[in-house]
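The next block holds one structure in the form of structure tokens; read it before the comments.
The values are calculated or read from the model by the stated rules, or taken from the named source; none is laboratory data. From a predicted model like this one, the values you see are computed outputs, not experimental measurements. Don't worry about glycine lacking a Cβ; one is built from the backbone with ideal geometry, like all the others, and counts go over all protein chains shown. Accessible surface is based on the protein model in full, side chains and every heavy atom, while ligands, DNA and RNA are left aside. Shrake-Rupley method; radii C 1.70, N 1.55, O 1.52, S 1.80 Å.
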There are 2 protein chains.
Amino acid sequence: MRNMSLVQTELVAVLVAFNGDTPRVLTLDDGRSLPNGPLKTDDRSLQASLRAAVERQTGVAVGHLEQLYTFADHPPADGEPRRVAISYLALTRVGAERPAEHANPFDDAGSPAAWRDWYDYFPWEDQACPRAASAIMAILQRLDGWITRKPPERWEELRQRRDQVFGLNGESWNDELVLQRYELLYEAGLVPEAHATDVGGDACVAGLAMRHDHRRILATAIARIRAKIRYRPVIYELMSDQFTLFALQQAVERVAGRHVHKQNFRRQVAHQGLIEETGEESREAGGRPARLYRFRRSVVMERAVAGSKLPIVRAR
Amino acid sequence: MRNMSLVQTELVAVLVAFNGDTPRVLTLDDGRSLPNGPLKTDDRSLQASLRAAVERQTGVAVGHLEQLYTFADHPPADGEPRRVAISYLALTRVGAERPAEHANPFDDAGSPAAWRDWYDYFPWEDQACPRAASAIMAILQRLDGWITRKPPERWEELRQRRDQVFGLNGESWNDELVLQRYELLYEAGLVPEAHATDVGGDACVAGLAMRHDHRRILATAIARIRAKIRYRPVIYELMSDQFTLFALQQAVERVAGRHVHKQNFRRQVAHQGLIEETGEESREAGGRPARLYRFRRSVVMERAVAGSKLPIVRAR
DNA sequence: AAGATTAATACTCAATATGAGCATTAATCG
DNA sequence: CGATTAATGCTCATATTGAGTATTAATCTT
């Protein structure tokens, strides 16, 4: 093996829980950081140690844990060591979370922790909610300004990118492009992080800011969840033991940031055979009582690992 | 920011090119390592620097480059620094590769490099080829031995896992489970890497071995490509400028390790509208001459970023 | 207690997509 | 000139998906 540079390596976790009505993410530092800490030399596997740390410190049973992405910051000018962040996504259950004594799962320092609506950081992502419309309106105006200050030969390309990413002019909104949207705003200087100096400030246009590249990591996490709920039953990791179909639908809608067709949603869920009736009913909402279901955890396995989508000839 | 450990961080690249008839991967060290090198402090972004390094050293135009996964090795007992590998997948074109003077894209040392059939490392993955059948036969026998040496209360679980991963007893073969299969073999001690001592040796049962966790990284890469060709047009990154539909089909078949239905494949490809006729014909093969096509690179964009698969209500 | 309201649930229908095949066409090979 | 090898064209049954309409069963209001 060749000689290698020494690099500061940190772990960053995006802990997501569905707190009643909206997906929330565990933050530190008055909402400006994600839980993070150094990779310790004596940790077992990255994944195992992260799971243990999270469960020990927050009391949360982490249902689903996966690596997100590894980010390197921009090379520091002043000879400081390079910082690399290995980010993870952790899904936890309603009510299971306990932002307890030690809120930072990596560190015993214990800075004030809080669960925050992830749409506070990305208001334009919540298409099911009217606030997105005004956020987008403001964003598009600023983007136009930015584009027109660029050389005219780039206008076409930039406008196309804007249309594609925000679902304009014939393109339709793609809820999975969270990161692409954030990066466009970043390039355009519309998010505070883009200016190294102040964090905070112009929050109404571009959502709450975070330190370092933590908002980029959060964007990556949201994009990953949105993509994943389409082909893997990860949404159940966010549900409590029993739930109504409507609650399940709302969870999906809040995560995806858009409405789904009720009847078709039920059909799809029923068709998958991943849940079963508990026999009980919920009459918390106004109308006709809804049946309660539970997730059939035993059936899961790696089953339903995406459909083939290739015209593969069956063996049988 | 808190204090952080110093960790040896290396980059590992899986360069894939379609060399005539089979997918090949660039290897060093007589096929036992993947190209790798340290993360340098002055590199720009991880991705950009990797792309530049690969293109400079191999002369390859890397069409598609994406991060794969970040692996941490097992914690070293003797107080050595922890090693972390950030792995990337790079797709290059037929004929574009030049395993040249400096074969290692990260290092000017220049150790002997070679493109090798990736199925040399995973013979059981090539379901379209008879050698897989014998490989699997041998593997299953060994696996059975391993399972029966475990406590009987685990037999059920382990057999289920074996069936699921190798497509036995009602389960069907899932070509995307490359990593899961490798890890099962690893746990069972059927791959040489599992015994720290000798690398090489019993290659006929479990394929060629690699140093460190490089074969695990290669497994991750193959799994990623197999998954990705289903919903993104990455297969074209491996094709030359002009190709016949049959060549395209063969590329998909060799990558996925299984046969596809010819007519349905053509229908699907035509339906996507991502390629266009060049007007020319190829009469290299025996029979009726085949039309030549080219990839419409302009149409790509982020389009076709997966189908919704959620019953989302359309805006329109 | 009747009617309004709120949900849950049941069905229908058309448009597409997918898996499997059969049939036809157009070259080369011996 | 017929056999062989591919490419290409079509058909058909089955699923899957997107959009609705209709019905049922509770609570809430007056």
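Worth pointing out:
- Overall form of segment A:235-300 per C-alpha gyration tensor (a/c, 1.5; a/b vs b/c): rounded
- Taking all protein chains together and rolling a 1.4 Å probe, residue A:69 ends up with roughly 70 Å² accessible.
- With all protein chains modelled, accessible area of residue B:243 [1.4 Å, Å²]: 10
- The modelled label-to-label distance for the pair residue B:52/residue A:144, using points 7 Å beyond Cα in the direction of Cβ, is 3.8 nm.
- Ranking B:129, B:139, B:166 by Cα position along the charge dipole of segment B:123-209, where only Lys, Arg, Asp and Glu carry charges on their C-beta atoms, puts B:139 farthest toward the positive end.
- 5 angstrom amide H check on residue B:275, placed H, neighbours 5+ away: B:296
- Computed with a 1.4 Å probe over protein heavy atoms only, the accessible area of residue B:129 comes to about 40 Å².
- An oblate overall shape is assigned to segment B:123-209, the ratio a/c of its alpha-carbon gyration tensor axes (a ≥ b ≥ c) being 1.5 or greater and a/b not exceeding b/c.
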